[in-house]
1. What nm distance separates the two modelled labels at residue 264 and residue 327, each placed 7 Å from Cα along Cα→Cβ?
2. List the relative contact order of the stretch 307-412 as a percent without decimals, with contacts defined as Cα pairs under 8 Å and 6+ residues apart.
3. Cut-off 10 angstrom, C-alpha nodes, Gaussian network model of the chain. Which of 310, 250, 117 fluctuates the most?
4. When a/c is below 1.5 the answer is rounded, else prolate if a/b is larger than b/c, else oblate, so apply that to the chain with a ≥ b ≥ c taken from the square roots of the Cα gyration tensor eigenvalues.
5. With the crude spin-label approximation of a point 7 Å out along Cα→Cβ, what separation in nm comes out for residue 181 versus residue 223?
6. For a quick protection proxy, order the peptides 328-336, 89-97 by their average other-Cβ count within 10 Å, most packed first.
7. At 222 nm, what helix-only mean residue ellipticity would the chain give, in deg cm²/dmol to the nearest 500, using -39500 (n - 2.57) for each DSSP H run of four or more?
8. What residue among 342, 149, 302 shows peak mean-square fluctuation when the chain is described by a Gaussian network model with Cα springs under 10 Å?
Ligand SMILES: C[S@@+](CC[C@H](N)C(=O)[O-])C[C@H]1O[C@@H](n2cnc3c(N)ncnc32)[C@H](O)[C@@H]1O
Ligand code: SF4
């Protein structure tokens, strides 16, 4: 664990939610860590959970919707504003965390993710406030992953070091393109020189890091992408997210009539990307993600519990035997087991590892075979779109190309 953890962590972070002190330090725990879990000394496992899944993942997502400008391809919820009343907003976030704590206090936080918008605009002291508050309210795994998405053009000189000091231990950098022409086309406010500076700083400051690129840009050739991808893998990031450009309704690109790259060229780029990364140290584990998995995003795809704070955040968690879907602001709706099961199929098939049937059952309460259309499943397997074992269901590479169709068939 590389983080320089929060300076102001309160003493209560060493207590569980019932206010008890941690077990004495005769376990294998690293006593130098601020974050810790409460283990049964005899077994080394947490007291309250079954032995099979040692600690069920539980995530906290913090959404910061503000951006300094509007990228012409982006249809994420955002507000373009320079000055926002950060302290007031953060106080509201702490209240929302407090609210959700009453439903999730028995869980142990395995990841916190600051996403956006542009969360690198949050002042580091406010990041630290949120991390400290989370650590005070919940038990936290000592290997907790705390990620933040950053844009490469901050005017804050020591931003990355300050973020690390605030408790961030995984930095995800939105580079998007590795040449000035395409950065301009994508309407980014950074140029290649700024991207390179940020890349160097992220790589020297953090032990865990990721970069985002958008490819299959209109007019981009396969050869250009091959070169750019090779360059991207040479930096040494632990993780890379690669998204093919989509033209979304309501964006500036859509209004201008910008056309995406044709399907055939995009499919070739995807095939090259997967082959190249799988043989060059970045195994694909999800449709668009490669390398050392992001624990937090994995938790969504595997269907584990998380809470979401901020304007366009959502949450999913089980509490008292009920499954909740939450949206801003503290809006909680109960989901049926079947509704959650369908979400788990949609998310799980994005993973190369596919759907683990036991985890599926734990996360929605329905046996896998009762939640899906078995006749269609058999057809999809015999047509070569899916493979099934006693424990898992996975899409084949033929299946990955038509995931939406497969999901429709399984969930009807
Ligand atoms: C929530 S966004 C924004 C993160 C950060 N604000 C930034 O711009 O780098 C996360 C990622 O989605 C990707 N993305 C957003 N819109 C896209 C689009 N229309 N097509 C492909 N990728 C897109 C970008 O790679 C981006 O880094
Ligand atoms: S791509 Fe990122 S910086 Fe650009 S508008 Fe969307 S969220 Fe904001």
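1. Spacing of the two 7 Å Cα→Cβ label points: 4.1 nm.
2. Details: 146 pairs, mean separation 21.5, N = 106.
For the stretch 307-412, the relative contact order is 20 percent.
3. Among 310, 250, 117, the largest mean-square fluctuation in the Gaussian network model of the chain belongs to 250.
4. On the way: a/c = 1.62, a/b = 1.12, b/c = 1.45.
Verdict is oblate for the chain.
5. For the pair residue 181/residue 223, the computed spacing is 1.2 nm.
6. Details: 328-336: 12.7, 89-97: 17.0.
Going from most to least packed, we get 89-97, 328-336.
7. On the way: 15 runs with 147 residues, N = 412.
Calculated mean residue ellipticity at 222 nm is -10500 deg cm²/dmol.
8. For the chain, modelled as a Gaussian network with Cα springs under 10 Å, the answer is 342.
Bear in mind that the values in this text are calculations on the coordinates, not laboratory data. Note that this is a predicted model, so its numbers are computed, not measured. Positions of Cβ are backbone-derived with ideal geometry, glycine not excepted, and every protein chain shown enters the neighbour counts.
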